[in-house]
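All remarks here apply to the structure that follows.
The values are calculated or read from the model by the stated rules, or taken from the named source; none is laboratory data. These numbers come from a predicted model, not from an experiment. Methodologically, a virtual Cβ is constructed for each residue, glycine included, from the backbone with ideal geometry; neighbour enumeration extends over all protein chains shown.
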Amino acid sequence: MVQSTVHRSSPAQTLIQWHKPFIFGEITAPFLLHQRSVIPKREKSFRVRHVSSTIKAVASSTEKSTTVKVVVTVLATAGGLLSNLGLTRGLDDISDLFGRSLLLELVAAELDPKTGSEKKTIQGYAHRTGNDENEVKYELDIEITQDFGEVGAILVENEHHKEMYLKNIVLDGFPHGTVTVTCNSWVHAKFDNPDKRIFFTNKSYLPSQTPSGLKKLREKDLTLVRGDGQGERKAFERIYDYDVYNDLGDPDSSDDLKRPVLGGKEHPYPRRCRTGRPRTEKDPLSESRASNVYVPRDEAFSEVKSATFAAKTVYSVLHALVPSLETTVLDPELGFPYFTAIDSLFNEGVELPEIETQGFLSVIPRLVKFVSGLGKNVLRFETPEMVDRDKFSWFRDVEFGRQTLAGLNPCSIQLVKKWPLKSELDPTVYGPPESAITKELVEQEIRGFMTVEEAVKNKKLFILDYHDLLLPYVKKVREIKGTTLYGSRTLFFLTPSGTLRPLAIELTRPPLDGKPQWKEVFRPSWNATGAWLWRLAKVHVLAHDSGYHQLVSHWLRTHCCTEPYIIATNRQLSTMHPIYRLLHPHLRYTMEINALARAALINGGGVIESSFSPGKYSTEISSAAYDLLWQFDLQALPADLISRGMAVEDPTAPHGLKLAIEDYPFANDGLLLWDAIKEWVTDYVNHYYPSETLVQSDQELQEWWTEIRTVGHGDKKDEPWWPVLDTPEDLIGILTNIIWVVSGHHAAVNFGQYDFAAYFPNRSTIARTNMPCEDPSEEQWKNFLERPEDELLSVFPSQIQATKVMAILDVLSNHSPDEEYIGTTMEPSWSENPIIKAAYERFSGRLMELEGIIDARNADKKLYNRTGAGVVPYELLKPFSDPGVTGRGVPNSISI
């Protein structure tokens, strides 16, 4: 495709002829030499350095030329360059010594006007000039003639035996100023893959505007990352392709760990990244498990970012701490004997045994503390802010209602739009569809305040409805030892003060084991037995809400549904495409976290299955939710609120919406963030797409959107609700939707997990026993009446379930010191465009204003859903945060 001219200095070719491999240590390098006249026989140590700084690449032409200095910055990484490991390190140091480390090839942006073909490239070896603790510099002087024109791309060949992480390449000396090529990418060793890496300059181009000399290169780069869909992927590769979720089970290990394939007609699901691992022996539909799950090389961030980065912490908890806990608690079904035993997790802790992977624990000092008096490590949890402010808030109905609007899962509450409540499931299978929450019962609770019909008309009744989603799984879940399940509905009344008052909980069991359907309604009660039954019913509902939160609001709607966007963006949009560069900061780091989740969180026998009510049917329920509930258009916050009846369109209202509950913290703060994101995206899109024609004719963009709809979310490809992509306005809506999901929505459902759920009586992840009034024996009922607290403790998680989940929630809620928050980091390609730079600065300014608005709202004593005695202020959508578990901060992407 491109021709090249290269000039090499002769000393680099003839200094020494090597005949044997050499073993190198840290920084000195003892070795044997063939030529005695050069160095004496005695082995000698010397510091590896470059011996000549005169290497220069020259373009062959008689025209006037310019000398340009090229400086390449490489990050020192674990496992990559400068990892001080063995033989290949020694060989790589020799390459550095003789200036043959990085072969750079400059590509002209435009074709040769005389021949109509690509101009000859200019090649040269960059030599290492120095390094510090974090970076290594390579330099090359290049002579570029005037007829070469503008540099459009640089090809890089890594002559080391190990990969390296290129930060950027800077070309200085042009009359028109410095040219920067931002890389932030792994470059494989040529010994692994002979294809040179392609890096374009920071200037963005639509496909139709691509400089003539770069068109073939643009196409080639996309072809390389798509792969051919064959074979098992290797760690150094950058191949993005699709597959179904067929790697959650482990049938070769145990028949009980076989899991259905998610993705396809039977279990619709988004697609994940293909790894190509071999199929299992016992189930040809399942992919075998592996200790390291492939993700495209640039998605594996943990070696680049700091050692405290969240992925390392999660890995440490999953692979060191959780197994350690399992050996400490010998009886997996052992519950907490009394409430003070729960409190001891925060003030005394759990003594941990010695484990071989002790090094992992050094990155989780917040959890594991060394007690000198014991001479042992102790797992001791920090007191969640909610409990620190008010230890008994979890007991009160007002907090139960408040958390539906300002808690961990504020996106499930719905307006009751019609009465009576009724199931849409098949009554011949699941029993009578009519709800047991009757008009008379509701009117007793609201005590003549208004009729049910008036309450529905005036938008006063709201519901958490998990009835039809969960009821089909009740029979299967109840076959699992140590857990149970109901279909559930919880009804709330909007009080004049703007808070939600719980009215009734309905729990339903379908016909089972020859018994008819069982359903019962529980209400706040003024007698002891009724009050305890109400508390127990709340535990069951909150276990349902916890499962829905983790499997649907969190995993499905953010992590899982985003992976197809990432794959399509890399497969269909060139790295020089402006939409690629807009999305890239919001899609970083997610795929490795998802791979880790598949390996140890949502997998068969993993933390979710072992600690949440649905057990081994957990991900299957998320598939059912995807099938029944997920729509791309409804992931947009305004559309989501409207679909749940929580808002109506109103051009005169802020954000164009009138909320059904004025004090709805998630919606109030979320809409401000949504508007800021949309304004930024609008400015960006309108700059690059001033007309509809440019959207419609952008082949890369159209293929990107088609692939998301028909492949990444192929099980939903025929749905009528997919947005069309014909205008800039269509594109703005699609992009704002994606960016909101990975930033604001994910922050709202993730970073409050420890504060709201670490003290599990507030949000139990599992209900282990049935309600005591469901077909009880005489003895069971007697025990409940005599010791109701024992009944409550027995329904809570076991000790091992609780501590595992608490440890996971701690790290999932944690911001790393190098977290990248929305609106804080200007991408290099944006900063070089004055219009885009100004738009981004306005965006950053709006986010700073949002911080102050949220602070003011949390100080408003009239907003009872975010202020009051012992109430945790709602800060989850404040854009910025300090490191740690803070309950605030919106990262750019799903990085945990």
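Any residue at all in region 676-693 that is over 30 Å from Phe880 (Cα atoms), surrounded by 18 or more Cβ atoms within 10 Å (Cβ to Cβ) and touching a helix residue (DSSP H, G or I) at 6+ places or on another chain (Cβ under 8 Å)? Break it down into steps so the answer makes sense when it comes.
Taking region 676-693 as the starting set, the residues that turn out to be over 30 Å from Phe880 (Cα atoms) are 689-693.
Applying the additional criterion that residues be surrounded by 18 or more Cβ atoms within 10 Å (Cβ to Cβ) yields 689.
If we keep only those that are touching a helix residue (DSSP H, G or I) at 6+ places or on another chain (Cβ under 8 Å) as well, we get 689.
Yes; the residues of region 676-693 include at least one that is over 30 Å from Phe880 (Cα atoms), surrounded by 18 or more Cβ atoms within 10 Å (Cβ to Cβ) and touching a helix residue (DSSP H, G or I) at 6+ places or on another chain (Cβ under 8 Å).
Let me spell it out: the conditions are (1) hydrophobic (A, V, I, L, M, F, W, C); (2) part of a helix (DSSP H, G or I); (3) within 23 Å of the chain's Cα centre (by Cα), and Ile239 meets all of them except one. Which number is the exception?
Going through (1) hydrophobic (A, V, I, L, M, F, W, C); (2) part of a helix (DSSP H, G or I); (3) within 23 Å of the chain's Cα centre (by Cα) one by one, Ile239 breaks only (2).
From the list Glu592, Glu692, Glu662, pick out the single residue that is modelled with pLDDT under 95, of a type outside the set (Ser, Thr, Tyr) and farther than 20 Å from Ser546 by Cα.
Details: Glu692 fails: modelled with pLDDT under 95; Glu662 fails: modelled with pLDDT under 95.
It is Glu592.
Give the residues of region 797-841 that are part of a helix (DSSP H, G or I) and free of Cβ contacts under 8 Å to residues at least 24 places away in the same chain, sorted by residue number. Step through it out loud before you land on a result.
From region 797-841, those part of a helix (DSSP H, G or I) are 799-812, 828-831, 834-841; that's our starting set.
Selection gives Ser831, Pro834, Lys837, Ala838, Glu841.
Got at least one residue in region 509-527 being surrounded by fewer than 21 Cβ atoms within 10 Å (Cβ to Cβ), assigned by TED's automatic domain parsing to the domain that holds Val429 and on the phi > 0 side of the Ramachandran plot?
There is at least one residue in region 509-527 that is surrounded by fewer than 21 Cβ atoms within 10 Å (Cβ to Cβ), assigned by TED's automatic domain parsing to the domain that holds Val429 and on the phi > 0 side of the Ramachandran plot.
Of the conditions (1) under 25 Å from Lys69 (Cα atoms); (2) within 30 Å of the chain's Cα centre (by Cα); (3) in contact (Cβ under 8 Å) with a residue 60 or more places away in the chain, Val181 satisfies every one except a single condition; which number is it?
(3)
If only one of Leu701, Leu673, Leu735, Leu731 is assigned to a helix (DSSP H, G or I), of a type outside the set (Val, Ile, Thr) and touching a Gly at 6+ places or on another chain (Cβ under 8 Å), which one is it? First the steps, then the outcome.
Details: Leu701 fails: touching a Gly at 6+ places or on another chain (Cβ under 8 Å); Leu735 fails: touching a Gly at 6+ places or on another chain (Cβ under 8 Å); Leu731 fails: touching a Gly at 6+ places or on another chain (Cβ under 8 Å).
Every option except Leu673 fails the conditions.
Within region 253-298, track down each residue that is outside any loop (DSSP other than H, G, I, E, B) and farther than 28 Å from Ile198 by Cα.
Initially, region 253-298 is screened for residues outside any loop (DSSP other than H, G, I, E, B), giving 255-257, 262, 272-273, 279, 287, 297-298.
Within region 253-298, Asp255, Asp256, Leu257, Leu262, Arg279, Glu287 meet the criteria.
Would you mind stating whether Ser816 is touching a Gly at 6+ places or on another chain (Cβ under 6 Å) and closer than 28 Å to Cys411 by Cα? Walk me through how you get there before you give the answer.
Numbers: touching a Gly at 6+ places or on another chain (Cβ under 6 Å): no; closer than 28 Å to Cys411 by Cα: yes.
Here the answer is no, as Ser816 does not meet what is asked.
Within region 864-874, which residues are surrounded by fewer than 20 Cβ atoms within 10 Å (Cβ to Cβ) and in contact (Cβ under 8 Å) with a residue 60 or more places away in the chain?
Tyr864, Ala869, Gly870
Which one of Gly604, Gly670, Gly656 is buried (at least 21 other Cβ atoms within 10 Å of the Cβ) and within 30 Å of Arg581 (Cβ to Cβ)?
Working: Gly604 fails: within 30 Å of Arg581 (Cβ to Cβ); Gly656 fails: buried (at least 21 other Cβ atoms within 10 Å of the Cβ).
Checking each option against the conditions leaves just Gly670.
Given the condition assigned to a helix (DSSP H, G or I) and either touching a His at 6+ places or on another chain (Cβ under 6 Å) or of a type in the set (Ser, Thr, Tyr) (or both), answer yes or no: does some residue in region 473-483 qualify? Explain how you work it out, then say what you get.
If we filter region 473-483 for residues that are assigned to a helix (DSSP H, G or I), which is where we start, we get 473-477.
Imposing the further condition that a residue be either touching a His at 6+ places or on another chain (Cβ under 6 Å) or of a type in the set (Ser, Thr, Tyr) (or both) reduces the set to 473.
Yes, region 473-483 has at least one match.
Within region 335-370, track down each residue that is modelled with pLDDT of 65 or more, part of a helix (DSSP H, G or I) and within 30 Å of the chain's Cα centre (by Cα).
Leu345, Phe346
What is the one condition in (1) surrounded by 20 or more Cβ atoms within 10 Å (Cβ to Cβ); (2) part of a helix (DSSP H, G or I); (3) over 29 Å from the mean Cα position of the chain (by Cα); (4) polar (S, T, N, Q) that Thr428 does not satisfy?
Here Thr428 meets the rest and fails (1).
Residues of region 765-788 being closer than 18 Å to Phe522 by Cβ and not in a loop (DSSP other than H, G, I, E, B), which ones?
Result: Gln780, Trp781, Phe784, Leu785, Pro788.
Select from region 374-416 the residues that are buried (at least 17 other Cβ atoms within 10 Å of the Cβ) and among the basic types (Lys, Arg) and write down the one among them that is nearest to Lys439 (Cα to Cα).
Ranking the candidates gives Arg402 first.
I want to confirm something. Restricting to region 531-575 and keeping residues that are among the small types (Gly, Ala, Ser) and within 19 Å of Val477 (Cβ to Cβ), which single residue is surrounded by the most Cβ atoms within 10 Å (Cβ to Cβ)? Give the steps one after another, and end with the answer.
So in region 531-575, the residues among the small types (Gly, Ala, Ser) come out as 531, 537, 543, 546-547, 553, 568, 574.
Add one more test, that the residue is within 19 Å of Val477 (Cβ to Cβ), and what stays is 537, 543, 546-547.
Values: Ala537: 25, Ala543: 28, Ser546: 26, Gly547: 25.
The extreme case among them is Ala543.
Just name the residue that is farthest from Tyr486 (Cα to Cα) out of those in region 431-456 that are charged (D, E, K, R) and not in a helix (DSSP H, G or I).
First pass over region 431-456, keeping only residues charged (D, E, K, R): 434, 439-440, 443, 445, 447, 453-454.
Remaining after also requiring not in a helix (DSSP H, G or I): 434, 447.
Details: Glu434: 16, Arg447: 29 Å.
In this case the residue turns out to be Arg447.
Can you name every residue in region 371-422 that is within 21 Å of Val552 (Cα to Cα) and not in a loop (DSSP other than H, G, I, E, B)?
Once the filter is applied, which keeps residues that are within 21 Å of Val552 (Cα to Cα) and not in a loop (DSSP other than H, G, I, E, B), region 371-422 yields Phe400, Gly401, Arg402, Gln403, Thr404, Leu405, Ala406, Gln414, Leu415.
Condition (residue is free of Cβ contacts under 8 Å to residues at least 40 places away in the same chain, on the phi < 0 side of the Ramachandran plot and surrounded by 17 or more Cβ atoms within 10 Å (Cβ to Cβ)) applied to region 209-229: is it met by at least one residue?
no
Identify the residue in region 709-728 that is of a type in the set (Asp, Glu) and in a loop (DSSP other than H, G, I, E, B) and, among all such residues, is farthest from the chain's Cα centre (by Cα). Steps first, please.
Applying the first criterion (of a type in the set (Asp, Glu)) to region 709-728 yields 715, 718-719, 726.
If we keep only those that are in a loop (DSSP other than H, G, I, E, B) too, we end up with 718-719, 726.
Values: Asp718: 27, Glu719: 26, Asp726: 29 Å.
The qualifying residue farthest from the chain's Cα centre (by Cα) is Asp726.
Could you list, in sequence order, all residues of region 737-762 that are crowded, with 24+ Cβ neighbours inside 10 Å and over 16 Å from the mean Cα position of the chain (by Cα)?
Tyr754, Asp755, Phe756, Ala757, Ala758, Tyr759, Phe760
Please list, ordered by residue number, the helices (runs of 4 or more DSSP H) wholly in region 484-599 having 1 or more residues that are closer than 30 Å to Thr201 by Cβ and free of Cβ contacts under 8 Å to residues at least 60 places away in the same chain. Don't jump to the end; show me each part of the working.
Values: elements: 528-548, 561-572, 578-587.
Per the criteria, 578-587.
Return yes when Arg289 is within 24 Å of the chain's Cα centre (by Cα) and under 22 Å from Lys234 (Cα atoms) and no when it is not.
Against the criterion (within 24 Å of the chain's Cα centre (by Cα) and under 22 Å from Lys234 (Cα atoms)), Arg289 qualifies.
Which condition breaks for Ser794 when tested against (1) in contact with a Ser or Thr (Cβ under 7 Å, 6 or more places away or on another chain); (2) under 22 Å from Tyr589 (Cβ atoms); (3) assigned to a helix (DSSP H, G or I)?
The single condition Ser794 does not satisfy is (2).
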